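See below for the structure under consideration.
The values are calculated or read from the model by the stated rules, or taken from the named source; none is laboratory data. The structure displayed is predicted, hence computed values, not measured ones. In this analysis, Cβ positions are derived from the backbone assuming ideal geometry, glycine residues included, and neighbour counts consider all displayed protein chains.
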Amino acid sequence: TLHCVLRNSTTWSSLRTQGNGNPLQYSCLENPMDGGFRYSDWQDKLFMSFGTIMAITHGSGLPLMMIVFGEMTDRFVNTGGNFSLPVNFSLAMLNSGRILEEMTRYAYYYSGLGAGVLVAAYIQVSFWTLAAGRQIKKIRQEFFHAILRQEIGWFDISDIAELNTRLTE
């Protein structure tokens, strides 16, 4: 199977022969990656840009959570480390309100970071999926029009199931 991109932007995955037995001539690009996003318009590029920005935001969520967790652990240890046990110890001497207040603040930080990461991940996947779907639609339309431009003899030697499969995959 030969995978090549034609100069007229039609994608084919295998060589076929004409009715006279001669192979069809395909003019392939030197480097198929040159036109990687040639089916994308400005909206698709905007979606991909925003999707990439949200991917970076999504990826920065874990390091930020590690920083918050480290600070929370430091506060927790420092609160316990500043306590000295006198001879006449009672539980009333512990100031549990201060540590509870600080841990509640860190819980809010975690909740905010988690919500931000969730939204960023959703936008990332949505925008990239939307851009990909729009480009696939354009590729399928162009492939369909390329099939319709073929000579009638080409359809006699081509398997119709293969054409249907290529349009839907």
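Cβ separations smaller than 7 Å between residues 6+ apart or across chains give the following pairs from segment 140-165 residues that are closer than 25 Å to R38 by Cβ to residues that are β-branched (V, I, T): E142/T10; F143/T10; F143/T11; A146/T10; L163/I147. Residues in segment 76-121 that are at pLDDT 85 or above and charged (D, E, K, R): E101, E102, R105. Here W128, W154 are screened, and the one residue that is surrounded by 12 or more Cβ atoms within 10 Å (Cβ to Cβ) and at pLDDT below 85 is W154.
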